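See below for the structure under consideration.
Each value in this text was obtained by applying a stated rule to the coordinates, not by laboratory testing. Since the model is a prediction, treat every value here as computed from it, not as a measurement. Neighbour counts run over all protein chains shown; Cβ positions are idealised from the backbone, glycine included.
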Amino acid sequence: MKLLIATRNRHKLDEIRAILNLPDLVLVGADAVPGLPEVDEDAGTFEGNARKKAQTLAQAGCCWTLADDSGLEVLALGGAPGVYSARYAGANATTADNNAKLLQALAGVTDRRACFRCVLALAAPDGRCWTVEGRCAGRILEVPRGRQGFGYDPLFVPDGSSKTFAELDAAEKNGLSHRARALHQAVTAWGRMLATERRG
C-alpha cells in the first residue's frame, strides 16, 4: 500500500520512515506525486493544520495520506511560536532567522521551559480522518549546540538529556522526539487498520 506523506521536508520524511516501517507500506513524499496542491496552513491549531493537509492531499492524490503539524511552544512566551514555528521570523524566514528571533525574545528570561508538539493526521481518500499527538518537554538554551536535525533542534534540550536534539544521532532523537512519540502512537492506533487496507 502506498501512503503519501504530506511533506517536502527530507529530514522530516526520513524521521517518519525510520519509525513507520510497517510491512508492505510504501511511504512516498509529496515531491514524488506531481500536481499536488500547496496547502495553506492557516488553522489556529496543530490539529487543524494537520487535518487540513491530510484531507486535502488525500483527495487530490486519491490515496491515503499522513500529515503532521508540529512546533515549539515556549512557556514564558505564552506558547509562542506555536503554529507559527516555521515562519516565526516571517513568511520567508530561514532556520537561522527563527532561532535568532527566539533567542532575542528570551533574552534575560530565566524560565526557559518549552515543549515540542506534533499532531499526526491520517486521512482516507473518502474524507475520513484520525489524529494522534506526541509531546516532548525540555528547555531552550542561550546558544545553539550541535549540527544534526533541523529547525529549533540546536536550541532544545529534552528533559532527561544533557544534549540538544541537534547533538543526538537519529536513533537517539527518534527515541525522544515529539514526532517519534506521535508516530509510535500512530503505529499502535492505526497499524491494524492500515494492514487491512494493504490486504484490501
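Rounded to whole numbers, the Karplus 3J(HN,Hα) couplings from phi for the range 79-90 are x, 6, x, x, 5, 9, 3, 6, 10, 4, 9, x Hz, using 6.51 cos²θ - 1.76 cosθ + 1.60 with θ = phi - 60°, and x at Gly and Pro.
Listed values for the range 18-29 are Karplus-derived 3J(HN,Hα) couplings in whole Hz (6.51 cos²θ - 1.76 cosθ + 1.60, θ = phi - 60°), namely 5, 10, 8, 10, 6, x, 6, 9, 9, 9, 10, x, and x replaces Gly and Pro.
For the pair THR94 and HIS11, label points projected 7 Å from Cα toward Cβ lie 1.4 nm apart. Cα centroids of the range 1-68 and the range 95-151: 19 Å apart. Of the Cα atoms belonging to the range 95-200, the radius of gyration and Dmax stand at 16.9, 58 Å. With bins 10 Å wide beginning at 0, the percent of Cα pairs of the chain falling in each bin runs 9, 36, 35, 16, 4, 0. Cross-link partners for LYS52 among the aspartates and glutamates, with Cα-Cα distance under 17 Å and sequence neighbours closer than 8 places in the same chain left out: GLU38, ASP40, GLU41, ASP42, ASP68, ASP69, ASP126, GLU133. For the chain, the longest principal axis of the C-alpha atoms and the axis of helix 46-61 are separated by about 30°. Each other residue within a Cβ distance under 14 Å of LEU75 adds +1 if Lys or Arg and -1 if Asp or Glu, for a net charge of +2.
Taking amide hydrogens as placed 1.01 Å from N in the peptide plane, the amide H of ILE5 sits under 5 Å from those of VAL28, GLY29, ALA30, LEU66, each at least 5 positions away in sequence or on another chain.
Given the Cα-Cα distance of ASP126 and LYS101 and 0.36 nm per residue of separation, how much length would full extension add, in nm? Display every interim value, and only then the final one.
Numbers: separation 25, 0.36 × 25 = 9.00 nm, distance 4.11 nm.
The span from ASP126 to LYS101 would gain 4.9 nm if fully extended.
Using helices alone, what [θ] at 222 nm do you get for the chain, with -39,500 (n - 2.57) per DSSP H run of 4 or more residues, divided over all residues and rounded to the nearest 500?
About -10000 deg cm²/dmol.
By the scheme Lys and Arg +1, Asp and Glu -1, what is the net charge of all other residues having a beta-carbon under 11 Å from that of GLU38? All intermediate terms of the calculation are to be shown ahead of the outcome.
Values: positive: ARG8, LYS53; negative: ASP40, GLU41.
Net charge in that neighbourhood comes out at 0.
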